[in-house]
Every structure is written in structure tokens, then in C-alpha cells.
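**Student:** Below: one structure in C-alpha cells.
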Amino acid sequence: MSPRALMLRVCAIGALLAGTTGAFAVAGGWLSPAALTPARIVDRFEQVNGPHPGFRRNHAKGVCVVGEFAGNGAGIALSKAGVFAAGRVTPVEGRFALAGGQPYAADAATTVRSLALRFRLPDREEWRTGMNALPVFPVRTPEAFYEQLLAGKPDPATGKPDPERMKAFFAAHPESAKAATLIKARTITAGFADSTFRSLNAFRFVAADGHATPVRWALVPERPGVQETAAQAARTDKNYLFDDLIAQLQREPLRWHLVVTISRADDATTDPTLPWPADRENVDVGTLTLTGATPEEAGNCRDVNFDPLVLPDGIAPSDDPLLSARSAAYARSFTRRAGEATSPSAVAATADPGNAP
Ligand code: HEM
């Protein structure tokens, strides 16, 4: 090779390296320190909740569960995902949790309950979903999520968020003020077993002929919802919600129906603070049966990233910008916690049967 050709090749390699480094710098937000990056979102969780190495930065207190999902065939007209085929039984692992970044916080009725699931389809295909027991989500954008985290930080003097900060947040985000009213008015049931868990974000179900339908879904408990009693609310055992769930699962399987709500043309798919009208068509597409619970430990749900964009063929993301923000923030949270030494979960292996309702 001539010295000139060699020089050109070296320059080309240098330009390629500079371009790649630049692309990483842009993606990582190094060139725009004010941009909201996944790292800044996760930093803010740590700022608000303190360091809790090895734990999820949100929904930090949880327990793992196992079971299966049986499709009843009613979903197949909407989505070609095999999980909905009549009689198809798909193994599922999941995690019940309480929202917030405090892994040892005492259970409280008003803390948002969640259920995350991983459906293991044939050929290593997976469907992962994280749902909250809320009627709507409190914010519309990742930026609002980030602002709300700080506004909602408890004041050390009162243990509650500073009312002035919350007022300023709601003034800047009227959609969150409306959502907060709906969330406050929700019925709080006795526990995880009779809670309804919702996707809140919209997704698209894609049928075999390619037709896509915007949907939201909910897991509706077979157990009738019982409103939390004053006696329950007064319980002082720190893990009462988790202990009840574990004791219930030791007695019998727990079941939920997966109910898919079909949107109409003008329903918001980019704004989970808005409920869809109550007259939308609901389709029960199958039954989730959970059979057992185990504490978080190496290799089980502790080490799963319930990324809402891990979807099987037949389910696609909507245009909701929260979905990609969630996916990126969960990956960052997962990468951090996976590299840290972990303390044992607050939720113990066996529940005190005395706690059972
Ligand atoms: C921009 C908005 C959001 C951000 C930044 C965010 C952030 C996070 C983070 C960092 C985690 C911990 C992930 C891990 O380490 O594995 C998490 C968990 C979770 N999030 Fe979100 N989240 C958002 C919106 C939502 C929405 C709309 C839902 C809807 C239901 C939701 C439901 C959940 C659930 C269920 C978990 C717990 C999953 C588990 O048990 O592992 N999140 N979130």
C-alpha cells in the first residue's frame, strides 16, 4: 500500500471512530447536559429515595410469583400473538410490588400496587408488561414524571411533600391535577389479590391480516374487590399486604381475567392521564392463574427487567412517548442494580399465617 493510501485509510478509521464516539455522546446526553436522559431520571430516583444498592429504583419492595395464562380464543381476532389462542397455556412469572424507591417502607393502603408479568411464549418469544392498580397514570410526559418525582419528595420535617411545590407542579401540569383527582377517588381494595392492574399506556394489537387496533388492558381479579376496612388500615405489621398475598397463595391459586379495552378513533393513545370512556368495548381474552410466591433472590423475578417494549409478534407499541422513556429508564435502573451488592428483600420467605384475612 502506498504511503498516501495508508494515510487515507488511517484518516477514514479516525473519522469513523470520531463519528461513533459522537453518536454515543449524543445518545448519552453528554453534549446536552440539560436534556432528560435515562441516567438523569434514575439519578433523580436516587436523589429522592436515597441509595438502596441492588434494588429497583422504583417499585423497590416486591415479591416474585409464578403461574400460567390460559387464552380463551377471544383475543385472536384482535392480535395474532399465540398467547391468545383458545386453550393455549403460557407459563408466566411475575412480581407484585409497591411503587416508590424505598425497599423497606412499611406497606400502606394508599401506596400504588403493581403487578409485572413475563409471559414465556414458544421459540423464546416473550411478552413483558408492568401494570399499576390505578385508573390513570399521574403524568403525561417523561419530563413531567421527572418534575413530579422532586415535587413529591417528602419534606423531612413533616414526612409529606411540600404543598407549595405540589401546587406549583399541578399549576404547570393541569392534566396531572385532573389525574390526581381520579386517583384519589379510586376504591382501595383489601390487598393485592382483589386489585385490578392496568396497562395505563396504550398499545396496538395487530391481527393476522395486519389490522392494528389501539388497546389498553387490565387484569381484573376473580375475587370480588373488598374495600379496605378501618381495621386493616390500622394494622401495624410492616409487610401486611405482602404477607396476606403470600398466605392467600399458600391456600389456593389466585385468578385474574385479562380484559382488553378497544379504543375508538378519538381516544387518547398518547396520554395515560386520560381515562377512555366507560362505554368502550371490553374483551375478556383469558385467565391468569398465580400459584405461588417466593422472595426475590438471584435468578428469579429480581433479575428481570419488566421492559414494557418486550412484546411478542401481534402486540406493538402505541405512539405514547412514555413507553420508550420507560424502556430506557428501566434498562438504566436494571444495569445499575445488577452491578451492585444486594441486601435481602424486606418481604420474607414465609408469611405469618396469623396475618391472613
Ligand atoms: C416516564 C415514565 C416512567 C418512568 C421513568 C418509570 C420508571 C420506572 C423504573 C426506573 C422502574 C424500575 C425498573 C427496574 O429496575 O426493573 C419502574 C418499575 C415499574 N414501573 Fe415504571 N416508570 C414510568 C411509567 C410507568 C407507567 C406508565 C407504568 C404503568 C403501569 C409503570 C409501571 C411500573 C411497574 C409495574 C414497575 C415495577 C416492575 C417490577 O415489578 O419490576 N411505570 N418504573
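**Student:** Which residue, A85, A278, A70, has the most motion in a Gaussian network model of the chain that connects Cα atoms within less than 10 Å?
**Tutor:** Looking only at A85, A278, A70, the biggest GNM fluctuation is shown by A278.
**Student:** Turning to a different aspect of this structure: For region 247-308, compute Rh as the Kirkwood radius over C-alpha pairs and then the Stokes-Einstein diffusion coefficient at 20 °C and 1.002 mPa s; write the answer in µm²/s, rounded to an integer.
**Tutor:** So the translational diffusion coefficient is about 140 µm²/s.
**Student:** Under 5 Å between amide hydrogens, which residues at least 5 positions from E222 or on another chain qualify, with H placed 1.01 Å from N in the peptide plane?
**Tutor:** The answer is R255, W256, H257.
**Student:** Kindly give Rg over Rh for region 218-262, based on alpha-carbon atoms, with the Kirkwood expression for the hydrodynamic radius.
**Tutor:** Reported Rg/Rh (Cα atoms, Kirkwood Rh): 1.06.
**Student:** Please identify, among T110, T229, T294, the residue showing maximal mean-square fluctuation in a Gaussian network model of the chain using a 10 angstrom Cα cutoff.
**Tutor:** Looking only at T110, T229, T294, the largest GNM fluctuation is found for T229.
**Student:** Sequence gap of 8 or more, or different chains, plus Cα separation below 30 Å: how many lysine pairs satisfy both in the chain?
**Tutor:** The result is 16.
**Student:** Next up: Using alpha carbons only, how many angstrom separate the centre of region 212-233 from the centre of region 161-185?
**Tutor:** Value for the Cα centre distance between the two parts: 24 Å.
**Student:** Right, here's the next one. Given bins 5 angstrom wide, list per bin the percent of all Cα-Cα distances in region 255-357, short to long.
**Tutor:** It works out to 2, 9, 12, 15, 17, 16, 13, 11, 5, 1, 0, in whole percents.
**Student:** Now a separate question. At each listed q (0.07 Å⁻¹), what is the log10 of I(q)/I(0) that the Debye formula gives for the chain modelled as equal alpha-carbon point scatterers?
**Tutor:** Values returned for q = 0.07 Å⁻¹ are -0.33.
**Student:** If each DSSP helix of 4+ residues adds -39,500 (n - 2.57) and the sum is divided by the residues in the chain, what number results at 222 nm, nearest 500 deg cm²/dmol?
**Tutor:** The helix-only estimate for the chain comes to -9000 deg cm²/dmol at 222 nm.
The numbers here are math on the coordinates, done by the rules we state, and not lab data. Note that the coordinates shown come from a computational prediction; the quantities given were computed from them, not determined experimentally.
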